[in-house]
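Student: First the structure, then my questions, so here it is.
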Amino acid sequence: MKILVTGGAGYVGSACLRHLKQHGHDAIAYDNLIEGHPSAVGDCELIIGDIADTDKLTKTLNDFDAEAVMHFAAATYVGESVENPEYHYRNNIGGTLSLLNAMRKAGVDRMLFSSTCATYGNSPKVPMSEDQPQDPYSPYARTKLAVEWMIRDFAHAYGLGFTLLRYFNASGASRDGAFGEYHNPETHLIPIVLQTLLGQRESVKVFGNDYPTADGTCIRDYIHIEDLASAHLLAIEATTRQTAEVFNVGTGQGQSVLEIIESCERVAGREVPRQWAPRRPGDPPALVADPSKLKTRLGWAPRYTSIDETIATAWRWHESHPEGYGPR
Ligand code: UDP
């Protein structure tokens, strides 16, 4: 299949792009490089462009003769979305509107959308199945939920097969050690803990110790990036022009912030300095997937089942790439 990957130079987009290529698909990346890195694309083709540029997107889809789109391009920082919602609404909702229009013009009628467990927000039931009520807790999560609805409405009115993947916390690095998680500025827990272990930060701030969880810190479901990529491959291959599907993508296991720090300590063999800090606005207490639908319907089977194994891949990459992908 010929697949255009928006946000293909980002952490998750690039992992999926490479996975598609490794499994015989013809995939290219489309990325504005504001948050993505050319090195993450490896030897795949990269078109530098913004999803807001409908004409460029349409031309790219036409020139490439695309059959499907995987849509990752988005602003993703929860904290930033609270401080600067305008950027998130413009980029995520406005950008997706532009993409959907470009797809209509180019006659591309299959898509996979990178949505998030954060759309469940404060939902009381953990683990979460796909039919759980969505109650997004941050502007970022609200933009993702709005885009889910936009895609459903476009599919209904104009004809579009789609799969929505709501994923939990993407983590780890490729098994061969070549690609890993690098954001600048970094806001994600695992890279921050590993940077602290490398002496690049003085300590880890633990955001909140009064959540209604066993140790008072937030619980998340940390899924290895390669298992996330394999879910995308299965999902896009199963998406026809008639598909209207949604899957949670997570391990089904939750770890608290303190448990993640302890896992990093076990993997690296030394202690991580930490300090308590106030809750980070927009963070729900616990997000854990019930991935049974993905397993039974698409036959997905994760390769990484222990958090230490996932963190070990991240640690190898951080040790060998202390400056990440370097300056852009
Ligand atoms: N977190 C933390 N300290 C940090 C970064 C993150 O305590 O320096 C917490 C954050 O509040 C959340 C969890 O770690 O509960 C995972 O955050 P991350 O940003 O990695 O992913 P998110 O769940 O926001 O997508």
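The values are calculated or read from the model by the stated rules, or taken from the named source; none is laboratory data. Only a predicted model underlies this, so the values are computations on that prediction, with no experimental measurement involved. Virtual Cβ from ideal backbone geometry, glycine too; neighbours counted across all protein chains shown. These accessible areas exclude ligands, DNA and RNA; they are computed on the full protein's heavy atoms, side chains included. Shrake-Rupley method; radii C 1.70, N 1.55, O 1.52, S 1.80 Å.
Student: Scan Gly199, Gly208, Gly216 and give me the residue that is at pLDDT 95 or above, surrounded by fewer than 21 Cβ atoms within 10 Å (Cβ to Cβ), within 10 Å of the ligand (Cβ to nearest atom) and at positive phi.
Tutor: On the way: Gly199 fails: within 10 Å of the ligand (Cβ to nearest atom); Gly216 fails: within 10 Å of the ligand (Cβ to nearest atom).
Being at pLDDT 95 or above, surrounded by fewer than 21 Cβ atoms within 10 Å (Cβ to Cβ), within 10 Å of the ligand (Cβ to nearest atom) and at positive phi holds for just one of Gly199, Gly208, Gly216, which is Gly208.
Student: How many of the residues making up segment 84-118 are modelled with pLDDT of 95 or more and open to solvent by less than 20 Å² (accessible area, probe 1.4 Å)? Explain how you work it out, then say what you get.
Tutor: Going residue by residue through segment 84-118, those that are modelled with pLDDT of 95 or more are 84-116.
Add one more test, that the residue is open to solvent by less than 20 Å² (accessible area, probe 1.4 Å), and what stays is 88, 92, 95-96, 98-100, 102-103, 108, 111-116.
Total satisfying the criteria: 16.
Student: Being within 11 Å of the ligand (Cβ to nearest atom) and acidic (Asp, Glu), is that true of even one residue in segment 220-237?
Tutor: Taking segment 220-237 as the starting set, the residues that turn out to be within 11 Å of the ligand (Cβ to nearest atom) are 220-222.
Then drop every residue that is not acidic (Asp, Glu), which leaves 221.
Yes.
Student: Another question, then. For the list (1) among the polar types (S, T, N, Q); (2) out of contact with any strand residue (DSSP E or B) (no Cβ under 9 Å at 6 or more places or on another chain); (3) under 23 Å from Asp153 (Cβ atoms), I need the number of the one condition that Asn122 fails.
Tutor: Failed condition: (3).
Student: Turning to a different aspect of this structure: If Ile225 passes every condition in (1) under 12 Å from the mean Cα position of the chain (by Cα); (2) aliphatic (A, V, I, L, M); (3) over 20 Å from Phe113 (Cα atoms) but one, which one does it miss?
Tutor: The failed condition is (3).
Student: Please determine whether any residue of segment 50-57 is in contact (Cβ under 8 Å) with a residue 40 or more places away in the chain and in a strand (DSSP E or B).
Tutor: No, that holds for no residue.
Student: May I ask you to say which residue of Gln275, Gln253, Gln242 is open to solvent by 20 Å² or more (accessible area, probe 1.4 Å), assigned to a loop (DSSP other than H, G, I, E, B) and either under 30 Å from Arg201 (Cα atoms) or among the basic types (Lys, Arg) (or both)? Let's see the steps before the verdict.
Tutor: On the way: Gln275 fails: assigned to a loop (DSSP other than H, G, I, E, B); Gln242 fails: either under 30 Å from Arg201 (Cα atoms) or among the basic types (Lys, Arg) (or both).
When all the criteria are applied, what remains is Gln253.
Student: Additional query: Please identify the pairs in which a residue from segment 188-200 that is within 14 Å of Ser320 (Cα to Cα) and touching a residue at least 60 places away in the same chain (Cβ under 8 Å) has its Cβ atom under 7 Å from the Cβ atom of a residue that is part of a loop (DSSP other than H, G, I, E, B) and near the ligand (Cβ under 10 Å from one of its atoms), counting only partners at least 6 apart or on another chain.
Tutor: Between residues of segment 188-200 that are within 14 Å of Ser320 (Cα to Cα) and touching a residue at least 60 places away in the same chain (Cβ under 8 Å) and residues that are part of a loop (DSSP other than H, G, I, E, B) and near the ligand (Cβ under 10 Å from one of its atoms), the close pairs are Pro191/Glu181; Gln195/Glu186; Gln195/Arg201.
Student: Scan segment 166-178 and give yes if some residue there is under 20 Å from Ala235 (Cβ atoms), acidic (Asp, Glu) and open to solvent by 10 Å² or more (accessible area, probe 1.4 Å), otherwise no.
Tutor: No: segment 166-178 contains no residue that is under 20 Å from Ala235 (Cβ atoms), acidic (Asp, Glu) and open to solvent by 10 Å² or more (accessible area, probe 1.4 Å).
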